[in-house]
1. Among A:249, B:121, what is the fewest-to-most ranking by other Cβ atoms within 10 Å?
2. Would you list B:226, B:258, A:156, A:185 from fewest to most Cβ contacts within 10 Å?
3. Of B:48/B:151; B:129/B:151; A:112/B:90; A:112/B:48; B:48/B:90; A:112/B:151, which pairs sit farther than 28 Å apart, going by alpha carbon to alpha carbon?
4. With only Lys, Arg, Asp and Glu charged, each at its Cβ (+1 for the first two, -1 for the last two), find how big the charge dipole of chain B is about the Cα centre; round to the nearest 20 debye.
5. Measure nothing fancy, just the Cα-based angle from helix B:128-141's long axis to the longest principal axis of chain B, in degrees from 0 to 90, nearest 10.
6. Using only Cα positions of segment A:175-241, each an equal point scatterer, no hydration layer, compute I(q)/I(0) via Debye at q = 0.12, 0.13, 0.28 Å⁻¹ and quote the log10 values to two decimals.
7. Among DSSP bridges having both ends in the protein assembly as shown, what percentage is antiparallel? Round to the nearest 5.
8. Restricting everything to alpha-carbon atoms, can you work out Rg to Rh for segment A:82-201 with a Kirkwood hydrodynamic radius?
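Values quoted throughout were computed directly from the atomic coordinates according to the rules given, and no laboratory measurement underlies them. Source: prediction; values computed, not measured. With ideal geometry, Cβ positions are generated from the backbone for all residues, glycine too; neighbour counts draw on all protein chains shown.
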Amino acid sequence: MSRYWYAMTGIIRRELMRFVHQRERFVAALIRPLLWLVVFAAGFRAALGLSIIPPYQTYITYEVYIIPGLIGMIQLFNGMQSSLSMVYDQEMGSMRVLLTAPLPRWFLLLCKLIAGVTVSLLQIAVFLMVAKLTGIEFAYEGALQALPILIFTGIMLGSLGLLIASVVKQLENFAGVMNFVIFPMFFLSSALYPIWKMQESSELLATVCQWNPFSHAVEAIRFAFYGQFNGVAMTLVLACTIVFFLLACWSYNPARRFRAGRTAAA
Amino acid sequence: MSTSTSLTADPEAVPAMHTTANYALDIRNLSFRYGDTTALNDITVSIKPGESVILLGPNGAGKTTLFSLICGLFAADNGSILINGRSLLKRADALAPLGIVFQSQTLDLDLSVEQNLMYFCALQGIARKEARTRITTALKRMDLSKRTHDKIRTLNGGHRRRVEIIRATLHAPSILLLDEPTVGLDIPTRTELIRYLHELPETHGCAILWATHLIDEVHDTDRVLMLHNGELQLDGTLDALRHSTNTTSIESMMQHVMNP
């Protein structure tokens, strides 16, 4: 069997083991979207009227609307969590073991991304099961239809995380990442409310939402959940995935890493 | 860590080494700068298979930078590095014959000893069954069998170091880089490890490049490189260097280099 295959399965296995060992991370990953679904959505349900917009063909409850957004949220936070663990690995030195493996660096980074996506898919599966138990109506087939899209959106958000990890030098700086990257990305998207709703209050914010790659990730997931393909959203997700990944590879280039002020720690 | 444990290397425990080129490591005209500061200046060194080389130098001499360049974490400003005749710049798999023990610990604290080692084997392209066999043998040899499933977090510094040394040799490297591997260890553990590491070239046929600033780690038969201010000041066996510097001890040799 190819050494590439061994490396990929080894990296995925390690990421899964770390996830299993870090029970708090699993609980946090589950609680966060469930809080939005159960508490936030209960409050917003009455306040926010939703018209029939694609891909929906009938009136839906707010809980149903935000399911794809919360799935995107799981992937967004998981991507950032992966990047946080990469910064931790850099500080602890275990990143060196990965970067000195006799394989192309782009391949090693891609394996890291695939490992992160695998973890996020597990989180999504558990989230959907719990959501179903709370009485939210959706079809499991939708989740299966969305699986290929979720892989791409996961890689896109993971690549962004990789890119951030290459820039952030210390764990302490990660609070800034939460405030300036994750929250704006999440709130300025179609995850919690349709963009037309945002447009009613601010054209500028609606435009920002439309340019936000996370909006397109959420829309690609939303359409896939109903067996439809959103070509525009998917094209933008693919384009952003390629750009983020290439930038991440570039930022992990040994020749560039020192110039960015790195020390031997990575 | 048990101080009575004997760390005797077992040549049958590790598969045959790579020996595909005249030199295990061939460094030519290597230079590297941190901004305006020259870290390494025109370093040229060749290490033969099975050779034991000690890289001596005070803190800040450039030892860790040199290691970071050899293992591809940094890219050189000038010069070339060939490992078993293959250039790092051209092929990522040139790193395959290289074993590395980093100065700071690089194990995953939340994973067990076996999980850490299996992860490394996967990165080296070793099949799981084969990896398990090698790990079992190596842990037994290092008297760590009972700690196989313990998390690294629960191990003391000496045991962690042993795990890192096992990890660096699991893929049967043809050259082993040791970056101050005994720093922070108690005296008995250090003595055992120094003896074990010195036996590796003879029993396994792998060359070692051992960076240190602790002169008691040098044996009479070792070839010594002395690095100071990023430049290679001395290169030779201890006897030859004593003669050329007209000194009697390594301490005075270092003084001779640092305060000419």
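1. Numbers: A:249 20, B:121 23.
Final ranking by Cβ density, sparse to dense: A:249, B:121.
2. Going from sparsest to densest Cβ surroundings: B:258, A:185, B:226, A:156.
3. In this structure, B:48/B:151; A:112/B:48 exceed 28 Å between Cα atoms.
4. On the way: 25 positive and 29 negative charges, 193 e Å.
That gives a dipole near 920 debye.
5. 70 degrees
6. For segment A:175-241 at q = 0.12, 0.13, 0.28 Å⁻¹, log10 I(q)/I(0) is -0.32, -0.37, -1.18.
7. On the way: 21 of 39 bridges.
Antiparallel bridges make up about 55 percent of those DSSP assigns within the protein assembly as shown.
8. Values: Rg = 17.4 Å, Rh = 16.7 Å.
Looking at segment A:82-201, the ratio lands at 1.04.
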